[in-house]
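Quick notes on the structure that follows.
The values are calculated or read from the model by the stated rules, or taken from the named source; none is laboratory data. Small disclaimer: the values here were computed from a predicted structure and weren't measured. Glycine also receives a Cβ, built like all others from the backbone with ideal geometry; neighbour counts cover every protein chain displayed. In case anyone asks, the SASA skips ligands and DNA or RNA and just uses the protein heavy atoms, side chains included. Shrake-Rupley method; radii C 1.70, N 1.55, O 1.52, S 1.80 Å.
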Amino acid sequence: MEHELHDEILKYWIDNTIDDVHGGFIGSIDHFNNKNVDAPKGSVVNARILWTFSAAYRLTNRPEYRQMAERAFEYLRQYFVDAEYGGIYWELDCTGQPKNTRKQFYAIAFATYGMAEYYRATGDADALKFAISFYEAIEQHSFDVIGDGYIEARTRDWEAMSDYRLSPQDANESKTMNTHLHILEAYTCLYRCWKNDMLEDALLGLINMFINKFINKDYHQNLFFDDDWNLKSDEISFGHDIECSWLLYEAAEVLGDKSIIEKVKTISLNMADGVVRAIDTDFGLMNEEKPSTNHMDTDKHWWPQAEAVIGFFNAYQLSGDEKYLQHSLNSWRFIQKYIKDYKNGEWFWRVTRNGKPYENQEKAGFWKCPYHNSRMCMEIMERIEKLKK
């Protein structure tokens, strides 16, 4: 994991993604490592780069990681932060001018996550102030005080809008599991360094939303809801299920309530069990299932494989059952065999069921980032160190 983190993933991002023409990071690098310096820049990938290199610096104290984290921090606050209305823009053009000014709370959550981790790594007080301001923006403009939960998106000046979608592939619904999951991880990180009573209440509220609304009787997650919590989709995302299994436990652990921890422990193990049926014969985790049409998306995307390594290792730690450790190791072996790009570096976006990479998808860009795979390495490294003690 140390080799993968330092020599394969982070080195790739240091060597290939710095935008020396316009500043910040290059908006798009294709499958063959062709760079498009004129591509738009996304808030999510910038915030994820900030989180990744901040966490790597905190863990290893390597100066090159701090430099990357500082670059991401400075670019985010100088160009993505909306100085007039607060929050961050969704998208900039290549020169740093606002291109899409909508306030997507998924992105604001990642900005919170990145800023909080940067504060943990460096002690920069401005980063904590930004993280708190983003948290306050989410609570003020996204939280549904009547119906509970968090609304997906607002206009630049926080007015209601009709199109909530993160991407064309998503259902246009006002409350989604995905955004709630990343608000959960952001609040967990912020609570580590800012023990605020209102934040504590919000984090507990999110944990209970997952227990009571998102996680169903089969221990998969319901993905899309309207304002009134009417379920709008039966799709199952196996990557999000295994990711939630450990992020939810992490949130409960950071919160520190023993009764919540025990409740979530049982749920986490059941969620890990629920994902096992989506593990293919080559040990890759298949993408999604839509039971109403009996369709299984058998492609294997990079990020669910990384989350499977952590999620199953977490289940092993919670239970002591070595079947979970074997699943974790098998996921890592699948990554090494099929997901790593040994020719051009980093990881493929996704491969077909027979292991063939999709050559039309990015190596780095609006969604393709170093966050899932770097976090996998760092989580396993830290967990193994704790086990040694």
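Numerical summary
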{"quantity": "Cβ charges +1 (Lys, Arg) and -1 (Asp, Glu), total dipole of segment 81-135, debye", "calculated": "160"}
{"quantity": "Under 12 Å, Cβ to Cβ, from Asn36 - net charge with Lys/Arg +1 and Asp/Glu -1", "calculated": "-1"}
{"quantity": "Answer label for Rg and Dmax of the Cα atoms in Å (calculated), chosen among (i) 23.0, 76; (ii) 28.3, 92; (iii) 19.5, 53", "calculated": "(iii)"}
{"quantity": "Projected label distance in nm at Glu136 and Glu359, using a 7 Å step from Cα toward the beta-carbon", "calculated": "5.2"}
{"quantity": "Over the chain: helical MRE at 222 nm, DSSP H runs n ≥ 4 each giving -39500 (n - 2.57), nearest 500", "calculated": "-16000 deg cm²/dmol"}
{"quantity": "Cα point-scatterer Debye curve for segment 234-382, base-10 log of I(q)/I(0) at q = 0.13, 0.20 Å⁻¹", "calculated": "-0.58, -1.24"}
{"quantity": "Hull volume in cubic angstrom per residue (convex hull over the Cα atoms of segment 255-320)", "calculated": "114"}
{"quantity": "Computed over segment 235-284, Kirkwood Rh from alpha-carbon pairs, angstrom", "calculated": "11.5"}
{"quantity": "Residue of Ala202, Ala127, Ala160 that the Gaussian network model of the chain assigns the largest fluctuation, springs spanning Cα pairs under 10 Å", "calculated": "Ala160"}
{"quantity": "Carbon/sulfur fraction of accessible area - the chain, other protein chains in place, 1.4 Å, %", "calculated": "45"}
{"quantity": "Exposed-site-free run, longest, the chain (rule: GluC sites (Glu not before Pro); DSSP loop; at most 14 other C-beta within 10 Å)", "calculated": "160-358"}
{"quantity": "Proximal charge balance of His182 [Cβ under 14 Å; K/R count +1, D/E count -1]", "calculated": "-4"}
{"quantity": "Entries of Lys11/Lys35; Lys175/Lys363; Lys337/Lys363; Lys99/Lys340; Lys213/Lys386 with Cα pairs more than 23 Å apart", "calculated": "Lys175/Lys363; Lys99/Lys340; Lys213/Lys386"}
{"quantity": "For segment 35-113 versus segment 356-373, the gap between their alpha-carbon centres in whole angstrom", "calculated": "17"}
{"quantity": "Whole-Hz couplings from phi, Karplus 6.51/-1.76/1.60, listed for segment 92-103; x for Gly and Pro", "calculated": "10, 7, 5, 8, x, 8, x, 10, 9, 8, 4, 9"}
